[in-house]
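Down below is the structure, laid out as structure tokens.
The values are calculated or read from the model by the stated rules, or taken from the named source; none is laboratory data. Because the structure is a prediction, the values reported are computed rather than measured. Note: ideal-geometry Cβ built from the backbone for every residue, glycine included; neighbour counts use all protein chains shown. Note: accessible area is taken over every heavy atom of the protein model, side chains too, but ligands, DNA and RNA are not part of it. Shrake-Rupley method; radii C 1.70, N 1.55, O 1.52, S 1.80 Å.
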Amino acid sequence: MRRLNRRKTLSLVKELDAFPKVPDSYVETSASGGTVSLIAFTTMALLTIMEFSVYQDTWMKYEYEVDKDFSSKLRINIDITVAMKCHYVGADVLDLAETMVASADGLAYEPALFDLSPQQREWQRMLQLIQSRLQEEHSLQDVIFKSAFKSASTALPPREDDSSLTPDACRIHGHLYVNKVAGNFHITVGKAIPHPRGHAHLAALVNHDSYNFSHRIDHLSFGELVPGIINPLDGTEKIAVDHNQMFQYFITVVPTKLHTYKISADTHQFSVTERRSLSKIQWEKQKNAVCKVYCVVAMTED
């Protein structure tokens, strides 16, 4: 009797289950069920990877402070092509402290072709498209900062066509170190010479018909070079309609310290406004338009 009772007790304990049993039809394998399971597991894996990438992403935080470093020099990185031969143009910097920095200190004059090759023109179009998007979508600047040192170089690619053509322009490239005060960077006709009251250029020896201030700015930045950063004037191209037209850019520079978990760099941002002088043809048209308006007003008053 005891053995019988013990067997019954063991069988009851074995059959005891607090959870309901799944019907056998639910655990049968099928093609549709396997497909649903595979899609579910794939979706969960993708969500996990996306959440982990968001966790690793860098969030830009901006802090502002006064730049107290007045003793150090500011580096200007330049790559500009002017549509005149190199012996016709000169570049220099003159600041408010009347300190003149000649181009020989860090700039090189290289004969070049002003017209771009097809590959270079395509590069310029892409750069100008990015510039237009940056002006509309300011948040894209954060993406550029976060992708610094990972992006491809923004430098103008070398020519892929025949380079045996006669150069008709001058590429001025290199860098200069200037004081942290307001100043002027000139690229004009004639080589620069020092002067007690400022500076001068030997422009009298150049024929006026050789003047052509059409130019292309492939790169202009301040401070440490940061690969992948696109500056406001990169890719700019201006074509002069006659020999008298002049172009001016007014730039405000702001020091910028870039710190992420991958990189750390001291660079500079800048804003720019531009001004171009009227050509002789445009000046005559504007003068005639003013005269017509004045005549109409005079007749109305009579």
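Couple of notes before you dig in:
- Index of the failed condition, PHE247 passing every other in (1) within 15 Å of ASN77 (Cα to Cα); (2) open to solvent by 20 Å² or more (accessible area, probe 1.4 Å): (1)
- Residue within the stretch 264-276 that is open to solvent by less than 70 Å² (accessible area, probe 1.4 Å), at pLDDT below 85, in contact with a strand residue (DSSP E or B) (Cβ under 9 Å, 6 or more places away or on another chain) and among the small types (Gly, Ala, Ser) present: yes
- Boolean, ASN212 is of a type in the set (S, T, N, Q) and at pLDDT below 85: no
- One residue alone among GLU160, GLU137 is in contact with a helix residue (DSSP H, G or I) (Cβ under 7 Å, 6 or more places away or on another chain) and modelled with pLDDT under 80, and that residue is GLU160.
- Pair list, Cβ under 7 Å, 6 or more apart: the stretch 115-144 residue under 15 Å from GLY235 (Cβ atoms) and of a type outside the set (A, V, I, L, M), other residue exposed (fewer than 11 other Cβ atoms within 10 Å of the Cβ) and at pLDDT below 80: GLN119/GLU160
- Residue check: VAL54 meets all listed conditions (1) among the β-branched types (Val, Ile, Thr); (2) open to solvent by 100 Å² or more (accessible area, probe 1.4 Å); (3) modelled with pLDDT under 80 but one, namely (2).
- Matching residues, the stretch 57-83, being among the hydrophobic types (A, V, I, L, M, F, W, C), modelled with pLDDT of 70 or more, out of contact with any Phe, Trp or Tyr (no Cβ under 7 Å at 6 or more places or on another chain) and not in a strand (DSSP E or B): VAL66, PHE70
- Odd one out for VAL241 among (1) among the β-branched types (Val, Ile, Thr); (2) outside any strand (DSSP E or B); (3) open to solvent by less than 20 Å² (accessible area, probe 1.4 Å): (3)
- When the stretch 103-118 is filtered for residues that are at pLDDT below 85 and open to solvent by 20 Å² or more (accessible area, probe 1.4 Å), the ones remaining, listed by number, are ALA104, ASP105, GLY106.
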